[in-house]
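No lab work stands behind these numbers, since they all come straight from the coordinates. The model shown is predicted, which means the values in this text are computed figures rather than measured ones. Quick reminder, even Gly has a Cβ in these numbers, built from the backbone with ideal geometry, and neighbours come from all protein chains shown.
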Amino acid sequence: MITCSRLNTLRARVAWVLATGAFIWVVPSAWAQDKQPQGPATLPGCEDQVKSGGQKGKQERFYPSPLPKVKEAAVEALQALEFEVKKNTKDSLEAHKARHVGVFVGSGGEKVRLDFREDEQNGQKGTMVTGETKKGFVGRAGQKTWTDAVLAQTACILQKEVQK
Amino acid sequence: MICRLTLAVLFLAVGVSAQTRSVVDLTGPKLPARDKKCEIQFFDGKAPDSPHEVIGHIRVYISRDKLVSRSESPVDRAKPEFQKRACRIGADAVVLVQQTVSNSGEFQTLYVKGDAIHFTK
């Protein structure tokens, strides 16, 4: 598309210089912002629990709370991160992230699956959650791993409920 | 040249618009809708002491393209959307209970959750 008109007129050259200038002005700041944590700034007091991007593949986390409460907190966490829960069974959740069409790559379209099972750690009963992010084919360049962020946000919500 | 102009207009149209969307989950009794521009009180974090009932939860998402819009969206920017939704479900006030900012690629999304309440006295 860039080659759809040749740079042989003065107006075209001026436009090209302006476009290049705008690109140089805009992109470094966007990259700088992208170096900030990609995960969310969560509920007050919980920020340090969120890591940017996070590990790929399946992740597990234990919560010392009953399964229904953990699942409820996970739904809330997913909603806060702009995921829509598509499948909700007794012991699993599947959610899709809303898509945004952007200037360059856009974002969204990731799928997060969470599986819940009752477990016990160090003599304490609770719930083990296994989570995984799957990226789609369309808009893959703008997609991120959200498992860490969702699990951290779930912990924050449970912590907030305990404080209540 | 025309090709570039079209591209520029397309990129600007996509990028400049901060997208606001909201979802309402009704939990309490169904009340008649109020006037479109009705007055809604806002409470931060804690519900008022006066007797009330929660009639729904409102979730507002404001997404901005960081490449185009550099300033972050303050929570106040979500209030008109809360007001619109709260009036529609007949609420008197909204208690803002949760806020989250998440970054995804070139987009930043502000999520604010509020409980829509109706004063019973």
Problem - Candidates B:LYS79, B:LYS66, B:LYS37: whichever shows maximal mean-square fluctuation once chain B is modelled as a Gaussian network with Cα springs under 10 Å - result: B:LYS37
Fill in the blank from the handout: Residues other than B:PHE82 with Cβ under 15 Å of its Cβ, Lys/Arg counted +1 and Asp/Glu -1, net out at +4
Problem - Modelled label reach - B:ASP25, point 7 Å along Cα→Cβ, the stretch B:33-77 residues with backbone N closer than 19 Å - result: B:45-47, B:53-62
Exercise for the section: Please find the FRET efficiency linking B:LYS36 to A:LEU18, where r is the Cβ-Cβ separation and R0 is fixed at 45 Å, and quote it to the nearest 0.05. Expected result: 0.60
Practice task
For each of B:VAL95, B:VAL75, count neighbouring Cβ atoms within 10 Å of the residue's Cβ, then give the residues from fewest to most.
Solution key: B:VAL75, B:VAL95
Exercise for the section: Identify which of B:ASP49, B:ASP35, B:ASP76 has the largest mean-square fluctuation in a Gaussian network model of chain B, with springs joining Cα atoms closer than 10 Å. Expected result: B:ASP49
Practice task
Before anything else, pin down the relative contact order of the stretch B:78-120: Cα pairs under 8 Å, at least 6 apart, normalised by residue count, whole percent.
Solution key: 40
Practice task
Find out how many positive minus negative residues lie around A:PHE62, taking Lys and Arg as positive, Asp and Glu as negative, among other residues whose Cβ is under 14 Å from that of A:PHE62.
Solution key: -1
Problem - chain B, relative contact order in percent, only Cα pairs under 8 angstrom and at least six apart counted - result: 34
Fill in the blank from the handout: Computed about the Cα centre, the charge dipole of the stretch B:19-62 from +1 Lys/Arg and -1 Asp/Glu charges at the Cβ has a magnitude in debye, to the nearest 20, of 260
Handout entry: Neighbour net charge for B:HIS118 - beta-carbon separation under 9 angstrom, K R +1, D E -1
Key = -2
